[in-house]
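Presented below is the structure to which this report refers.
The values are calculated or read from the model by the stated rules, or taken from the named source; none is laboratory data. None of these values were measured; they are calculated from a predicted model. For neighbour counting, all protein chains shown are included, and Cβ atoms are generated from backbone atoms with ideal geometry for every residue, glycine included.
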Amino acid sequence: MSSIKNFTIKGEFITLAQFLKEESIISSGGQAKWYLKDNPVKLNGVLEDRRGKKLHPGDVVEVEGTSYQFSAQ
């Protein structure tokens, strides 16, 4: 069973790479491409491997057994 965390977006959206960096899942944006290639990340229940994918309030991302619910600031 995964835990659920809230993630507040500052602005209209955040990219998947920026999100992974902010959550310290990766240490630099350049690692996102390789991380997404080797680790399943789901966006609203669908596998997502585009580091530039825009995440908006209301989206849910599942990564490493944790779900993140996105909300606006």
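Below is a table of values for the structure above.
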read-out: Which listed residue is touching a residue at least 12 places away in the same chain (Cβ under 8 Å) and in a helix (DSSP H, G or I), from Phe19, Phe70, Phe7; value: Phe19
read-out: Meets criteria (in contact with a strand residue (DSSP E or B) (Cβ under 9 Å, 6 or more places away or on another chain) and either in a helix (DSSP H, G or I) or modelled with pLDDT under 95 (or both)) for Leu36; value: no
read-out: Tally, over region 19-44, of residues that are surrounded by 12 or more Cβ atoms within 10 Å (Cβ to Cβ) and touching an Asp or Glu at 6+ places or on another chain (Cβ under 8 Å); value: 6
read-out: Count - residues of region 26-59 that are of a type outside the set (Lys, Arg) and touching a Phe, Trp or Tyr at 6+ places or on another chain (Cβ under 7 Å); value: 6
read-out: Among (1) touching a residue at least 12 places away in the same chain (Cβ under 8 Å); (2) out of contact with any Leu (no Cβ under 7 Å at 6 or more places or on another chain); (3) in a loop (DSSP other than H, G, I, E, B), the one test that Asp49 misses; value: (2)
